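The values are calculated or read from the model by the stated rules, or taken from the named source; none is laboratory data. The structure presented is a predicted model; accordingly, all values stated were derived computationally and were not measured. Neighbour counts run over all protein chains shown; Cβ positions are idealised from the backbone, glycine included.
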């Protein structure tokens, strides 16, 4: 059986890397059934579709979405592994930034050995409380929270754009070739939105300034 699945963004998912748990048979499910299987809401399933989860049959004109359980399971496991790897990279970057913000070069790092554990702990606690106060005032927001919100919005937009070609074909009488062009353009819009999230927010670390983010958007970054 072919274990490779082509995703909407052009990527390839190898389901053999993350097979279903022993004793669990594969099968086709609709959105409600998949939500039950993963113990999430149907809205979460819709959001995953917008994020690129493989779909066996796209729902349209009263026809329900259909999903291959093994494909969706492998897709989620792959995303989880990628998220963990990304977090590890960002944590390392945060530590480097912490040293840079404290104006520590390689020689100064050696001198830091003169600080006691108590002094280091007090500095870390003070830094933590400063960030907490700034966050409570709305001056700082955790990038993960902003990303989660925007991913939810992308899910809404992706669902709306996913049904647009059908409406254009049915209501405006567009031909197959024209509808295909619209579908490609809709996919490009969703991908561009997701790339903007990754580059403008998640690439900055774990905490992002509202003002900095607004300035980036004004500059078209």
Which ones in the stretch 98-129 are at pLDDT 75 or above and either surrounded by 12 or more Cβ atoms within 10 Å (Cβ to Cβ) or touching a strand residue (DSSP E or B) at 6+ places or on another chain (Cβ under 9 Å) (or both)? 122, 127
Scan (1) modelled with pLDDT of 85 or more; (2) over 26 Å from residue 8 (Cα atoms) for the single condition residue 66 breaks and write down its number. (2)
Among the residues of the stretch 50-68, are any farther than 28 Å from residue 165 by Cβ and assigned to a loop (DSSP other than H, G, I, E, B)? no
